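Just below is one structure, and these are the notes that go with it.
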Amino acid sequence: MIEGNGEIQWTFSQVKGTLEDEVTDADIISCVEFNSDGELLATGDKGGRVVIFQRDQSSVPNPRRTEYNVYSTFQSHEPEFDYLKSLEIEEKINKIRWLRRKNAANFLLSTNDKTIKLWKVSERDKRIDGYNLKDDSGQVLRDPNSVTSLRVPILTSMDLTVEASPRRIFANAHTYHINSISVNSDQETYLSADDLRINLWNLEITDESFNIVDIKPVNMEELTEVITAAEFHPSQCNLFVYSSSKGIIRLCDMRAAALCDQHAKIFEEPEDPTNRSFFSEIISSISGIKFSNNGRYMISRDYLSVKVWDLHMDSRPIESYLVHEYLRSKLCSLYENDYIFDKFECCFNGTDSYIMTGSYNNFFKIFDRQTKRDVMLEASKEIAKPRTILKPRRVCTTGKKKKEEISVDSLDFNRKILHTAWHPNENIIAVAATNNLYLFQDRL
């Protein structure tokens, strides 16, 4: 429901995961992703698991009750050890990306720091009965010479099971930790990016990839920036962008050269000298980039703000939104506690008219691009009752605090929302808050 002032009224729908205070590190959600029609929602966690939720089909005719139920859970990655470098490789899922559906099965890519896997998720409700030489489990029971008559195996019905199987494993191509994967609009290739390089893969070929960006200097002491995120254009298969820790976004065209070290465009906002400080470079580092669905714009998230860029204008962003400006005075303590290095992501809604991103204290912010209004909401167990309307939250920076406000000094920096996702066609949002996945929808 849209209020009189044009804002969406958000209501609580569901929460996944235990609401107890004790949190196991392996249960912390590390990525969230809707598939292209929004019927499936995947999450990855620090324990290397992927959980897929499916929209309850009975709730589709009744949009007042949108529910997502567990569809499949599988262990995508296991902890490994690199004996050459004496390094442990975490099982944590860094990114999940869905492929467009071509048949009855669904396919997704998942990655940890080093290895990307292509998973097939399919349903089975039939099994083969009546083997001649083996039992239902495939164990050989009889000697072929003892068979006197042949039976034709038949398909029989069984309870529906969902199976996840790894179809391809793309390994040994990254020296540094993978931070991004992005499927091309041609649905045949995808890119993977680490701190210094971006590789291009064919989904059918696991033993070779093409290095399309390499920013590693000959002398590592000359290193001034690292790649923080990369994404393909949603419709033009030759274009991709990557962002850096210097707050720069580079647009590359693969038609120009095999190695895209020379960018086609560079998007960078001139620094305001009045805001220059010791922390300027750290807070300007881009933690997330996303193309708009129509491919004309992109958004970038740095520590304090979200910027909207027009691909036709690289001199400065066309819109800029402050996420938690009240933290600017706290940068020193945030630096000392390493919170300043937290990587927040951002996303568009299906029509590119709203932008969502996370903050601390389980707050997340939604920006209306048309009215330029924003609303800060909280994902907390206190509102975990069906159809509870989310009330806007405000942070007080001065001495006098109103009743409904929260003081900037009492914010909990361990409760943070780094990962969010917006349903591609409807006002349904998924918000990852530590080990819980909150689902909210607009009030109908």
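The values are calculated or read from the model by the stated rules, or taken from the named source; none is laboratory data. All values reported here derive from a predicted model rather than from experimental measurement. Here Cβ is always computed from backbone atoms with ideal geometry, including for glycine, and neighbour counts include all displayed protein chains. The protein model used for the area step is the full one, side chains on, heavy atoms only, and it has no ligands, DNA or RNA in it. Shrake-Rupley method; radii C 1.70, N 1.55, O 1.52, S 1.80 Å.
Going by a ≥ b ≥ c, the root eigenvalues of the Cα gyration tensor, does segment 236-289 fall in the rounded group (a/c under 1.5), the prolate group (a/b larger than b/c) or the oblate group?
The shape class here is prolate.
Using a basic spin-label model with each label point 7 Å from the Cα along Cα→Cβ, how many nm lie between T274 and K400?
Label-label distance for T274 and K400, simple model: 2.6 nm.
Per residue, how many Å² of accessible area does the chain show with a 1.4 Å probe?
Averaged over the residues of the chain, the accessible area is 50 Å².
Between D302, D159, D342, where does the largest GNM mean-square fluctuation fall for the chain, given springs only between Cα atoms within less than 10 Å?
Greatest mean-square fluctuation among the candidates belongs to D159.
Counting pairs of alpha carbon atoms under 8 Å apart in space and at least six apart in sequence, what relative contact order in percent does segment 12-442 give?
The normalised contact order for segment 12-442 reaches 13 percent.
Please work out how much accessible surface R276 shows to a 1.4 Å probe, ignoring ligands, DNA and RNA, in Å² rounded to 10.
Here the residue's solvent-accessible area equals roughly 140 Å².
Rolling a 1.4 angstrom probe over the protein chains, ignoring ligands and nucleic acids, what is the accessible area of H312 in square angstrom, nearest 10?
Number for this one is 130 Å².
Rounded to the nearest Å, what's the spacing between the alpha carbon centres of segment 322-348 and segment 288-312? Just the number, please.
18 Å
Can you give the FRET efficiency for R328 and S149, using 1/(1 + (r/R0)^6), R0 = 60 Å, r = Cβ-Cβ distance, to the nearest 0.05?
Here the calculated transfer efficiency is 0.10.
If each of E319 and K126 carries a label point 7 Å out from its Cα toward its Cβ, how far apart are those two points in nm?
4.9 nm
Multiplying the sequence separation of R296 and K381 by 0.36 nm and subtracting their Cα-Cα distance, what value in nm do you get?
Extra length available between R296 and K381 comes to 26.8 nm.
With all protein chains present, how much of the accessible area of the chain (probe radius 1.4 Å) comes from carbon and sulfur, to the nearest whole percent? Could the numbers behind the result be given before it?
Details: 10820 of 22420 Å².
Roughly 48 percent of what the probe reaches on the chain is carbon or sulfur.
Heavy atoms of the protein only, probe of 1.4 Å, neighbouring chains included. What is the accessible area of R328 in Å², nearest 10?
Rounded to the nearest 10, that gives 80 Å².
With a/c under 1.5 counting as rounded, go ahead and sort segment 275-339 into rounded, prolate or oblate using the C-alpha gyration tensor (a ≥ b ≥ c being the square roots of the eigenvalues; past the cut-off, prolate if a/b is larger than b/c, else oblate).
prolate
Which shape class applies to segment 296-418: rounded if a/c is under 1.5, otherwise prolate when a/b exceeds b/c and oblate if not, where a ≥ b ≥ c are the square roots of the Cα gyration tensor eigenvalues?
The shape class here is oblate.
Place +1 on the Cβ of every Lys and Arg and -1 on the Cβ of every Asp and Glu in the chain, take the dipole about the Cα centre, and give the residue among S76, L41, T351 whose Cα lies farthest towards its positive end.
Farthest along the dipole direction, towards plus: T351.
Counting DSSP beta bridges with both partners in segment 12-442, what percentage is antiparallel, nearest 5?
Of all bridge pairs located within segment 12-442, approximately 95 percent are antiparallel.
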